[in-house]
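For reference, the structure discussed in these notes is given below.
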Amino acid sequence: MELEGLGREVVYTEERWRVLEAKRSKAARVMEALRAPSYAFGSVARGDVDEDSDVDVVILDAVQPYMVELWLEAAGLRPFSKEIVQATPSYVPKAYIYLDPDREVVVSFPLARLRPRELEFYRWGGVVDLAGIRARRRVPGVNKELNLIVPTPRGHVEVPVRGNEPLVLRVLGVGEGILEERLSVLGRRREVGRTGVFIDVEVPADQPLEEAIAELAERNEFFRRALGLP
């Protein structure tokens, strides 16, 4: 892949490689506990981590929330907090289970079937499965600063998305729609701070997600529709 002149190369220090290995070990432990296909998402998949990077593990198929909670419990992974998030009234809601008090390690999964554009969001940020984690494979993806991160043996090359849109689409294998959407969302975030979401509900750690979902569906028609409920 010809990237010379398009961006800068970042060469990782030994410490950065160590941090990446530690983050990936945490992701692998969670992924091994899950009984559904799961992926490390974002910087842990790309490799461009630092000490403050989150460890995001995602399940892309719709699964029963109580099953995810059972799998984690069986592996000794205790939830410290939970969230139900729906970005917009038309988006599929997702559940988030945070596995430490600092919210570093999180498992998320959709509460209904994701649409193609929503699946492309994960390819945009970069995803790698458990086999890839074990093989130390890193994948390209776009970070929050709107740079395409392309792994190299020494670290990575980062290329600005703006001005290199055809390259980004080709490298990631995504459509123009997700590119336009992410440029809009992340550009807005730079201007006005964190963008709001339609629903963001905290769920007590000891409350089953199924119960919280049922309560929310009773109160919110758009949430109920997004779940495919009458």
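The values are calculated or read from the model by the stated rules, or taken from the named source; none is laboratory data. Values in this document were obtained by computation on a predicted structure and should not be read as measured data. Neighbour counts run over all protein chains shown; Cβ positions are idealised from the backbone, glycine included. Side chains are part of the model used for accessible areas, which takes the heavy atoms of the whole protein and leaves out ligands, DNA and RNA. Shrake-Rupley method; radii C 1.70, N 1.55, O 1.52, S 1.80 Å.
From the list Glu69, Glu120, which one is under 21 Å from Leu172 (Cβ atoms) and not in a loop (DSSP other than H, G, I, E, B)? Step through it out loud before you land on a result.
On the way: Glu69 fails: under 21 Å from Leu172 (Cβ atoms).
On inspection, the qualifying residue turns out to be Glu120.
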The range 104-128: number of residues that are open to solvent by 10 Å² or more (accessible area, probe 1.4 Å) and among the aromatic types (Phe, Trp, Tyr): 2
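Table: residues versus (1) among the aliphatic types (A, V, I, L, M); (2) open to solvent by 30 Å² or more (accessible area, probe 1.4 Å).
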residue: Gly132; (1), (2): no, no
residue: Leu146; (1), (2): yes, no
residue: Gly163; (1), (2): no, yes
residue: Arg170; (1), (2): no, yes
residue: Gly175; (1), (2): no, no
Can you spot a residue in the range 61-70 that is crowded, with 21+ Cβ neighbours inside 10 Å, modelled with pLDDT of 95 or more and at positive phi? no
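Would you be able to say whether some residue in the range 81-96 is assigned to a loop (DSSP other than H, G, I, E, B), open to solvent by 30 Å² or more (accessible area, probe 1.4 Å) and modelled with pLDDT of 95 or more?
Within the range 81-96, the subset assigned to a loop (DSSP other than H, G, I, E, B) is 87-93.
Then drop every residue that is not open to solvent by 30 Å² or more (accessible area, probe 1.4 Å), which leaves 87-91.
Okay, now just the ones that are also modelled with pLDDT of 95 or more, so none.
So far as the range 81-96 goes, no, none of its residues is assigned to a loop (DSSP other than H, G, I, E, B), open to solvent by 30 Å² or more (accessible area, probe 1.4 Å) and modelled with pLDDT of 95 or more.
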Scan the range 89-104 for residues that are without any contact (Cβ under 8 Å) to a residue 40 or more places away in the chain and basic (Lys, Arg) and jot them down. Lys94
Kindly provide the set of residues from the range 23-47 that are in contact with a Gly (Cβ under 6 Å, 6 or more places away or on another chain) and either open to solvent by 60 Å² or more (accessible area, probe 1.4 Å) or in a loop (DSSP other than H, G, I, E, B) (or both), ordered by number. Gly42
With respect to the numbered conditions (1) closer than 30 Å to His156 by Cα; (2) open to solvent by 30 Å² or more (accessible area, probe 1.4 Å); (3) in contact (Cβ under 8 Å) with a residue 40 or more places away in the chain; (4) in a loop (DSSP other than H, G, I, E, B), which one is the sole condition not fulfilled by Asp50? (3)
